[in-house]
Amino acid sequence: MLEKIKKYKIPIIIILTLIILIITLRVITTEELIIDTMAYNLFVEKLRSPNLNKVMLLVATLSNTPVTVIFIIVLLILIKDKKKALTIPANLLLITIINQILKLIIQRPRPIGYRLIEIGEYSFPSGHAMTSMALYGFLIYLSYKLIKNKNLKIFFITACILIIIIIGISRIYLGVHYCSDVLAGWSISIIYLIIYINILKSHKIIP
């Protein structure tokens with residue numbers, strides 16, 4: 001899968017850039033996106049329930065900054081090659097800075113009226129979507145390249161993919177982001193990851 005992405009990385013970047021530009025233009029002109037309405041109808045109107053609320057609130061807690069920082073510290077301890085290990089917090093720091101800059105430029109207000117949690121700052125693009133894609137997407141790449149055991153590799157990559165998806169969905173479900181915030185966040189981070197990984201590879205920091 002990753003080899004195919006490598007082969008088609010330029011078309012992928014072009015397609016994702018177009019998606020980001022289309023969504024951003026709609027957001028700036030405050031036009032309603034049909035994908036946001038569809039996601040609201042699905043996750044808020046149809047799927048919300050007391051039990052699922054508890055699950056999504058737990059996801060929100062586990063994906064918050066303190067837990068993520070602890071997770072990265074554990075990785076730094078476990079990974080023997082400290083040069084490679086340091087690329088993980090550097091990655092998260094860079095994508096966080098990019099996200100904050102974009103939020104200040106776009107300044108899209110968060111959804112109102114159906115939040116299950118209260119949160120400040122702007123909505124677009126989703127910080128959780130961007131950071132989870134950047135962090136776990138990078139771990140997917142490192143797992144693919146560095147883990148020798150095939151079953152362990154498949155398990156870890158699958159777990160990372162599920163985490164990315166669940167975190168993104170949770171932000172829509174909890175009412176703190178529009179679906180377009182999440183899609184744009186994922187798209188931006190994929191483009192960022194392609195560039196970030198290529199830079200690290202060119203300096204022979206990662207394989």
(message) I need a count of the residues in the stretch 46-72 that are without any contact (Cβ under 8 Å) to a residue 40 or more places away in the chain, over 18 Å from the mean Cα position of the chain (by Cα) and surrounded by 12 or more Cβ atoms within 10 Å (Cβ to Cβ).
(response) 1
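Yes or no, residue by residue, for (1) outside any helix (DSSP H, G or I); (2) touching a helix residue (DSSP H, G or I) at 6+ places or on another chain (Cβ under 7 Å); (3) closer than 17 Å to Val59 by Cβ; (4) in contact (Cβ under 8 Å) with a residue 40 or more places away in the chain:
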residue: Asn99; (1), (2), (3), (4): no, yes, no, yes
residue: Lys148; (1), (2), (3), (4): yes, no, no, no
residue: Ile166; (1), (2), (3), (4): no, yes, yes, yes
residue: His177; (1), (2), (3), (4): yes, yes, yes, yes
(request) Could you tell me whether Tyr141 is open to solvent by 10 Å² or more (accessible area, probe 1.4 Å), farther than 19 Å from Lys201 by Cβ and aromatic (Phe, Trp, Tyr)? (result) no
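Across the stretch 179-207, what is the total count of residues that are in a loop (DSSP other than H, G, I, E, B) and aliphatic (A, V, I, L, M)?
Of the stretch 179-207, the ones in a loop (DSSP other than H, G, I, E, B) are 203-207.
From what's left, aliphatic (A, V, I, L, M): 205-206.
Qualifying residue count, the stretch 179-207: 2.
Do we find that Ile88 is open to solvent by less than 70 Å² (accessible area, probe 1.4 Å), aliphatic (A, V, I, L, M), within 19 Å of Tyr122 (Cα to Cα) and modelled with pLDDT of 90 or more in this structure? Walk me through it before giving the result.
On the way: open to solvent by less than 70 Å² (accessible area, probe 1.4 Å): yes; aliphatic (A, V, I, L, M): yes; within 19 Å of Tyr122 (Cα to Cα): no; modelled with pLDDT of 90 or more: yes.
For Ile88, the condition - open to solvent by less than 70 Å² (accessible area, probe 1.4 Å), aliphatic (A, V, I, L, M), within 19 Å of Tyr122 (Cα to Cα) and modelled with pLDDT of 90 or more - is not met.
The values are calculated or read from the model by the stated rules, or taken from the named source; none is laboratory data. Bear in mind the structure is a predicted one, so any value in this text is a computation, not a measurement. Glycine also receives a Cβ, built like all others from the backbone with ideal geometry; neighbour counts cover every protein chain displayed. Note: areas computed on protein heavy atoms with side chains; ligands, DNA, RNA excluded. Shrake-Rupley method; radii C 1.70, N 1.55, O 1.52, S 1.80 Å.
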